[in-house]
1. Go through (1) more than 17 Å from Val112 (Cβ to Cβ); (2) surrounded by 14 or more Cβ atoms within 10 Å (Cβ to Cβ); (3) outside the structural domain of Leu132 (by TED's automatic domain parsing); (4) of a type outside the set (Phe, Trp, Tyr) one by one and return the number of the condition Glu38 breaks.
2. Sort out which residues of the stretch 1-11 are charged (D, E, K, R) and surrounded by 15 or more Cβ atoms within 10 Å (Cβ to Cβ), and write them in order of number.
3. Are any residues in the stretch 273-290 assigned to a strand (DSSP E or B) and closer than 15 Å to Ala201 by Cβ, and if so, which ones?
4. Across the stretch 18-35, what is the total count of residues that are under 18 Å from Ala64 (Cα atoms) and surrounded by fewer than 12 Cβ atoms within 10 Å (Cβ to Cβ)?
5. Looking only at the stretch 167-221, how many residues end up being basic (Lys, Arg) and part of a strand (DSSP E or B)?
6. Within the set of pairs 6+ apart or on separate chains, which have a first residue in the stretch 40-63 that is within 13 Å of Phe7 (Cα to Cα), a second that is in a strand (DSSP E or B) and at pLDDT below 95, and C-beta atoms under 6 Å apart?
7. May I ask you to say which residue of Ala182, Ala163 is at negative phi and without any contact (Cβ under 8 Å) to a residue 24 or more places away in the chain?
8. Which one is surrounded by the most Cβ atoms within 10 Å (Cβ to Cβ), of the residues in the stretch 193-233 that are out of contact with any Cys (no Cβ under 6 Å at 6 or more places or on another chain) and of a type in the set (Gly, Ala, Ser)?
Amino acid sequence: MWPTDEFGIIRKDAARDVGRSDRDVLRAVRSNELTLLEPGMYALTESLPEYDVADAIYLLRCIAAAGESELPLTHESAAAVHGLDLLAPDQARVHFAKERRGGGRSTRYRHVHSGLPDDSVVVVNGLLVSSLARTTVDVAAGRSFAQALAAVDGARRLGLTAAEIEAELSRRRVRGAAVVAAALRYADRRSANPGESWGRAQMIEARLPLPDLQCEFSLRDGRTVYTDYGWGDRLVGEFDGLRKYCRDLKPGQNTEDAVVAEKIREDRLRDLVGDVARWIHADLRSGAMIPMLKHRMERAGLLR
């Protein structure tokens, strides 16, 4: 047995206390029994989720680092603790901040920022972190429009209001504030995940007609379903992320079952709408989604 704390973190000194040598730890890492978080900090590999494992490891790194510092977590690290989903977050370092301005520093594993006032610090699950509003602005400012939109959409899903984000944006000088303000204009809490926000950001940048989100349809088999994007009864759009086919499987269902069920769902949607467009992460990365969607929109009479 490995000694784990309340968060499932194994520290090398705790392992030594129960007779585990450094050689034991090294062998466990090499055999994949343990996963290295940072030097001297580990997690049981079997305890990590099958999907989003990088996010889970980063959260554990943040928790472990917070236990060794009196400073609050900020930026991507605070976002991880808040449960704020981000698009392509930088998880190379754990972020902290101190109150006084100036004197920030960065090392291989830590980045200490400056200028975080006490009234922007809250406690989440026993950890000191920057407030959700402060965190949202910090992780959105200076990023791409898609990353900023994903952050603001995510904050709205967590219950933060547009007014709260605006207030945080106006209380201090923020480098990159323009992209946060732009994201706030288009933010929608109905966007279910960063991938959906990314697709909408590309539509906005391409000046395409913007969709309604989470559109409700009643299928002929009596089911009520929701599509990611919708342009009336002419066209619906679906972002096929990994979750749809792997992470959200029902008990006893495999990936093939999920694909077949999705195909049946799409066929029945076509009874109600003119066309169904689908895309995946690779289409967003390559830029292939926009030309495909333009073609579908032209065919549906949505473009003049």
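The values are calculated or read from the model by the stated rules, or taken from the named source; none is laboratory data. Predicted model only: the values in this text are computed from it and were never measured. Here the Cβ positions follow ideal geometry from the backbone for every residue, glycine too, while neighbour counts run over all protein chains shown.
1. Every condition holds for Glu38 apart from (1).
2. Hit for the stretch 1-11 is Arg11, nothing else.
3. Just the residues of the stretch 273-290 that are assigned to a strand (DSSP E or B), to begin with: 276-279.
Selection gives Trp279 alone.
4. So the answer is 0.
5. Quick first cut of the stretch 167-221, residues basic (Lys, Arg) only: 171-173, 175, 185, 189-190, 200, 207, 220.
Cutting the leftovers down to part of a strand (DSSP E or B) gives us none.
Residues meeting the conditions: 0.
6. Arg61/Glu38
7. On the way: Ala182 fails: without any contact (Cβ under 8 Å) to a residue 24 or more places away in the chain.
Answer to the selection: Ala163.
8. Going through the stretch 193-233, the residues out of contact with any Cys (no Cβ under 6 Å at 6 or more places or on another chain) turn out to be 193-226, 228-229, 231-233.
From the residues that got through so far, the ones that are of a type in the set (Gly, Ala, Ser) too are 195, 197, 199, 201, 206, 218, 222, 232.
Values: Gly195: 22, Ser197: 29, Gly199: 25, Ala201: 25, Ala206: 13, Ser218: 11, Gly222: 6, Gly232: 13.
Once the filter is applied, the top-ranked residue is Ser197.
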